[in-house]
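K.L.:
Can you keep this structure in mind? I'll have questions shortly.
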Amino acid sequence: MDTAERIVPINIEDEMKSAYIDYSMSVIVARALPDVRDGLKPVHRRVLYGMSELGLLHNKPHKKSARIVGEVLGKYHPHGDSSVYDTMVRMAQNWSLRYPLVDGQGNFGSSDGDNPAAMRYTEARLARISDEVLADLEKDTVDFQLNFDDSLQEPTVMPSKLPNLLVNGASGIAVGMATNMMPHNLGEVVDGITAFVDNPDITVEELCQFVKAPDFPTGGTIYGIEGVRDAFATGRGRVVLRARASIETGSDNRSQIVVTEIPYQVTRSAILIKAAELVNDKRIEGISDMRDESDRDGIRLVFELKKDANPNVVLSHLYKNTPMQTSYGVNNICLVNGRPRLLNLRDLISEYVKFRLEVIVRRTRYDLRKAEERAHILKGLIAALDRLDEVISLIRASKTADDAKTALMSFDFSPRNGDALDQLVDGLRLDNDRLDELQAKAILEMRLQRLTGLEREKLRDEYLELLKRIDHFKAILADEGLRRQIVKDELAELKDTFGDARRTDIEFAEGEFRIEDMIDNEELVVTISHLGYIKSTPITEYRAQGRGGRGAKSAATRGEDYIEQLFTASAHEWILFFTEQGRCYWSRVFELPKGQKTGKGRAIQNLIQLPSDDKVKAYIVVKDLNDKEFLENHFIFFCTREGVVKKTPLEQYSRPRANGILAMSFREGDQLIEARLTNGKNQVLLASRQGKSIRFDEDDVRSMGRTATGVRGMNLEEGVDDAVVGMVCVEPDSLVTILALAEKGVGKRTDLEEYRVQSRGGKGIKTINVTPRTGKLVAIKTLTDEEDVIIINRSGLTIRISARELPTSGRATQGVKLINLKGDDAIADVSIVQKAEDEDLQEGESTESPDSGAAQE
């Protein structure tokens, strides 16, 4: 065949397209874009892997950078030593990475743009946080691939516990696309991921409550939050970062602007050079001198001002015209399953969690396999120790090691009385009562010191421990909930070890305000009626009258309605509503319908979009849902009709959602009757329809998750109409009395001390003597002399009684008649309100007293 016949004609346009596509994909996949799972590009991954293969852990001595570069270059990344060294240098610079992955020793450059020393002069090792990137790499958690010459294996991705892409960000220019991802604070990212694990349906807006904004290694101030929110929601946005500056007075009493932090990737010299140009061109007036006073303790740029200069005006000009204010275009493009994708904040967290769950599964399978292999060997060793004399004789009689192995595999290990193996694992025997080759080989390799009694005991203990671990590994593989909890636990440990305070502040730009910033945080009086009407009124309406006045008409209510709750709250505070079906809703106080003192208000169902078949059972006011210390030290204590109680940290109800959240799960037929805010040190009193009550310490109920069902608080009587009718939470040494009210109008007050403290879950003791004359217990409340009791009948009639008119009596008595009922009428409900004088009684409210038809018993 001649040369002409070997030439294949092709279209040059097609060939160029094909070659360029190949080149483009190579740049995109193998060079410029990070992987969403570990946040690393191939060169970063290879540097970290090469250093780990050299044993350069954080607790080992440093090695010359040239040695590291040679290792990576020769084994994994044949693309030039400068690319490898520059990558390692950047991973060691604490002004380039929020959490550096390499611990450098020597001159690694400076934040002002100085170049690092040559690789032959510097040394490096892995930073401590890199252990979390490489953790479990040896446990078959990720896939490996052949290196460039097919002589070695390298990981395709790191198992990374650290959410590296979010905390350190990334930047790169590919072909036809680029990525620019901002760094974030580790603590905030961990909180955001934990919230996602708890609630996979969480929205980006809800995640923004945890991940506030980027957090740059050089500090500074983010100016304006809208661009950040856009980046979180869409994957693209614009972040404006300002230098941190303050106005001080110099020694000559002149004002000076002092800059202590500069924007990310901006040099001090660039700021000073640009400012000098502006001063020379007279575009900035008022600066008399500028100097760089930075040292190893930190940055300090000083701008001396003229006597007549306005410091705020000069600072505004510096922000506007110099690199003291810089914008960053966020473009969250990374590789997902080998393809470039634009991801928002929730997508990034979702991909990380998905990857970590996969790593945990693979790691657990590896650990399970190794544990089962070791248990298999130990079973053989323990069996041999049970027949020690016979095994030794058998080995001594063998001519060669192979003969000994064959003889061991042929030996009958049928169990006998007293065998350690038989007792240890409840009769579990060797397969066919014979050793396999692995077990026989392990016995032959066993050292003589293992024959001592102590060593034999260690083998048995190790075997028992392995059995527990095997069960644990199987439980993890069978339960995704356990795997999700492991993700949370590992992240919490990561946060405890490496978490730090935010370095970059957030400042609202002009025209950027939250709604609460536009609302005066005034004191308001909130009123909630028995039928569920709510309103807020300025407290000034209640303070308008002088002392000695006749009072004023209060809220207009229906004939059978009355004000059940009245309290003061600041406009910015939150009200948490807990419903009969166990849901939680939120409202800011300033969002409540405004009304005059005489107004009726608005139905709560319309305010929080409550379903028609649900009803609000409890209200809790919280000052600030972002006060971490308060949230961590307070709880919501729940009680249900069937006597189930639950205590959950208030923090789990601190993230408002428009449609509400599940506050508590119920067993079929159960429902919520009460929810209280506690400090974790209170005592709880429950009472049932059959007149029993139980008092126990709040500590008897462990803290549990939001969706948990709870634990038994009170054991109800079986075979009768019984249910919990009320719950009160009191301080252990409280002086309040307990009001118990039965359905036929009989009630009484009893001192709290008469209710002894018991253990949770019992049937309790008598709180009122239930008879056909009294009817069942309908309510239990705390009561002081400064309060009034409002009783409402099923027929709709109400009566208001002063607490002072109710005598105290013993715990097991029947009490006194508080109200005469006609026919089949009965008590429907009771409420405790603040004491009111006669002129303050609400319109339509009965002015009956206990004497008007009450008969003392």
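K.L.:
By per-residue mean of other Cβ atoms within 10 Å, what is the highest-first order of 188-200, 671-683? The partial results should precede the final answer.
P.N.:
Details: 188-200: 20.7, 671-683: 18.0.
Result, highest mean Cβ count within 10 Å first: 188-200, 671-683.
K.L.:
Roughly how tilted is helix 268-280, in degrees to the nearest 10 and between 0 and 90, from the longest Cα axis of the chain?
P.N.:
80
K.L.:
Find how much the distance from Ala603 to Asp389 grows on full extension, using 0.36 nm per residue of separation minus their present alpha carbon separation; answer in nm with one decimal. Mind dumping the intermediate values first?
P.N.:
Values: separation 214, 0.36 × 214 = 77.04 nm, distance 8.69 nm.
Taking Ala603 through Asp389 to full extension adds about 68.4 nm, to one decimal.
K.L.:
How big is the dipole moment of the chain about its Cα centre under a simple scheme where the beta carbon of each Lys and Arg is +1, that of each Asp and Glu is -1, and everything else is neutral? Debye, nearest 20, please.
P.N.:
On the way: 118 positive and 138 negative charges, 54 e Å.
Using Cβ point charges on Lys, Arg, Asp and Glu, the chain gives about 260 debye.
K.L.:
Turning to a different aspect of this structure: Select from Ser294, Ile202, Ile791 the residue farthest towards the positive end of the dipole of the chain; place +1 on Cβ of Lys and Arg, -1 on Cβ of Asp and Glu, and compute about the Cα centre.
P.N.:
Farthest along the dipole direction, towards plus: Ile791.
K.L.:
Right, here's the next one. Taking only the C-alpha atoms, wrap a convex hull around the range 137-229 and report its volume per residue in Å³ as a whole number.
P.N.:
On the way: hull volume 16.6 nm³, N = 93.
Dividing the Cα hull volume of the range 137-229 by its residue count gives 179 Å³.
K.L.:
Stick to the Cα atoms of the range 141-181, pair each with every other, and give me the Kirkwood hydrodynamic radius in Å at one decimal.
P.N.:
Details: mean 1/r = 0.0787 Å⁻¹.
Computed over Cα pairs of the range 141-181, the Kirkwood hydrodynamic radius comes out at 12.7 Å.
K.L.:
Enter the angle in degrees (range 0 to 90, nearest 10) between the Cα long axis of helix 453-478 and the first principal axis of the Cα atoms of the chain, meaning the one along which they spread out most.
P.N.:
Value to nearest ten degrees: 70.
K.L.:
About the Cα centre of the range 1-101, what is the dipole size in debye to 20, counting +1 per Lys and Arg Cβ and -1 per Asp and Glu Cβ, all else neutral? Please list the in-between numbers first.
P.N.:
Numbers: 14 positive and 12 negative charges, 198 e Å.
Approximately 940 debye in magnitude.
K.L.:
Something else about it: Using the Cα centre of the range 671-806 as the reference point, and only Cβ charges (+1 on K/R, -1 on D/E), how large is the resulting charge dipole? Debye, rounded to the nearest 20. Let's see the in-between values first.
P.N.:
Working: 21 positive and 20 negative charges, 96 e Å.
Roughly 460 debye for the range 671-806.
K.L.:
With r defined as the distance between the Cβ atoms of Asp699 and Asp281 and R0 fixed at 56 Å, what FRET efficiency is calculated, to the nearest 0.05?
P.N.:
Details: r = 71 Å, r/R0 = 1.27.
Calculated transfer efficiency: 0.20.
K.L.:
Hey, of [x] 35.4; [y] 60.8; [z] 55.8, which did the structure itself give for mean projected area of the Cα convex hull in nm² when calculated?
P.N.:
Matching the structure shown: [y].
K.L.:
So if R0 is 60 Å, what FRET efficiency would Asp431 and Val175 give, r being the distance between their Cβ atoms, rounded to the nearest 0.05?
P.N.:
Working: r = 59 Å, r/R0 = 0.98.
Working from the Cβ atoms, E equals 0.55.
K.L.:
As I understand it, the dipole of the chain uses +1 on the Cβ of Lys and Arg and -1 on the Cβ of Asp and Glu, about the Cα centre. Which of Ile563, Met664, Ile225 lies farthest toward its positive end?
P.N.:
Met664
K.L.:
While we're looking at this one, here's another question. Counting Lys +1, Arg +1, Asp -1, Glu -1, what net charge surrounds Phe210 among other residues with beta carbon under 10 Å of its beta carbon?
P.N.:
Surrounding charge for Phe210 is -1.
K.L.:
Ala812 to Leu464: extension gain in nm, 0.36 nm per residue of separation minus the Cα-Cα distance? Intermediate results must be reported in sequence, preceding the final value.
P.N.:
Values: separation 348, 0.36 × 348 = 125.28 nm, distance 5.50 nm.
Going from the current span to full extension adds 119.8 nm.
K.L.:
Roughly to the nearest percent, how much of the accessible area of the chain is carbon and sulfur, given a 1.4 Å probe?
P.N.:
Details: 18880 of 41500 Å².
Percent of accessible area from carbon and sulfur atoms in the chain: 46.
K.L.:
Would you mind checking the range 586-603 for residues with the amide N under 14 Å from a putative spin-label position 7 Å along Cα→C-beta of Asn199?
P.N.:
586-587
K.L.:
For the ranges 730-739, 287-296, what's the packing order if you count other beta-carbon atoms within 10 Å of each residue, average per peptide, and put the highest first? Can you show the working numbers first?
P.N.:
Working: 730-739: 15.9, 287-296: 12.9.
Result, highest mean Cβ count within 10 Å first: 730-739, 287-296.
K.L.:
Compute the distance from the alpha-carbon center of the range 223-273 to that of the range 19-78, in whole Å.
P.N.:
The distance from the Cα centre of the range 223-273 to that of the range 19-78 comes to 33 Å.
K.L.:
So if I restrict to the alpha-carbon atoms in the range 590-725, what is the Rg, and what is Dmax, the biggest pairwise distance, in Å?
P.N.:
Spelled out, the Cα radius of gyration and Dmax of the range 590-725 are 16.6, 51 Å.
K.L.:
Counting only heavy atoms of the protein chains, get the accessible area per residue of the range 683-790 (1.4 Å probe) and round it to a whole Å² value.
P.N.:
Numbers: 4180 Å² over 108 residues.
Spelled out: the 1.4 Å probe surface of the range 683-790, per residue, equals 39 Å².
K.L.:
Once the dipole of the chain is set up with Lys and Arg at +1 and Asp and Glu at -1 on Cβ about the Cα centre, which of Gly80, Phe413, Ser246 lies farthest towards its positive end?
P.N.:
In the chain, that residue is Phe413.
K.L.:
Given R₀ = 45 Å, what would the calculated FRET efficiency be for Ala826 paired with Ile506, taking r from the Cβ atoms and rounding to 0.05?
P.N.:
On the way: r = 58 Å, r/R0 = 1.29.
My answer for the efficiency is 0.20.
K.L.:
Return the subset of Lys458/Lys646; Lys441/Lys468; Lys681/Lys748; Lys615/Lys647; Lys212/Lys320 for which the Cα-Cα distance in this structure is over 32 Å, preserving the input order. Walk me through the intermediate numbers first.
P.N.:
Details: Lys458/Lys646 43 Å; Lys441/Lys468 26 Å; Lys681/Lys748 27 Å; Lys615/Lys647 21 Å; Lys212/Lys320 25 Å.
The answer is Lys458/Lys646.
K.L.:
Further, regarding this structure: Need the list of lysines near Lys63 for cross-linking: C-alpha distance under 30 angstrom, and skip anything on the same chain fewer than eight residues off.
P.N.:
Lys63 reaches Lys41, Lys75, Lys139, Lys161, Lys495.
K.L.:
Hey, another quick one. To the nearest 10 degrees, how steep is helix 12-27 against the longest Cα principal axis of the chain, on a 0 to 90 scale?
P.N.:
60
K.L.:
Would you mind computing, in nm to one decimal, how far apart the modelled labels at Arg339 and Asp289 are, each placed 7 Å from Cα along Cα→Cβ?
P.N.:
Between Arg339 and Asp289, the simple spin-label model gives 6.3 nm.
K.L.:
Still on this model: Run lengths n ≥ 4 of DSSP H only: what is the helix-derived mean residue ellipticity at 222 nm for the chain, with -39500 (n - 2.57) per run over all residues, to the nearest 500? Walk me through the numbers on the way to the answer.
P.N.:
Details: 21 runs with 244 residues, N = 857.
Rounded to the nearest 500, it is -9000 deg cm²/dmol.
K.L.:
Report the full-extension gain for the segment Ala492 to Asn147: residue separation times 0.36 nm, less the Cα-Cα distance, to one decimal in nm. Show your work: numbers first, answer last.
P.N.:
Details: separation 345, 0.36 × 345 = 124.20 nm, distance 3.53 nm.
Result: 120.7 nm gained on full extension.
K.L.:
For Lys597, give me every one of the lysines with a C-alpha distance below 17 angstrom, ignoring sequence neighbours fewer than eight places off in its own chain.
P.N.:
By straight Cα distance, Lys597 reaches Lys535, Lys553.
The values are calculated or read from the model by the stated rules, or taken from the named source; none is laboratory data. No experiment lies behind these values; they were computed from the predicted model shown. Using ideal geometry, Cβ is built from the backbone for each residue, glycine included, and neighbour counts are taken over all protein chains shown. Just so you know, the surface numbers come from the protein's heavy atoms only, side chains and all, with ligands and any DNA or RNA stripped out. Shrake-Rupley method; radii C 1.70, N 1.55, O 1.52, S 1.80 Å.
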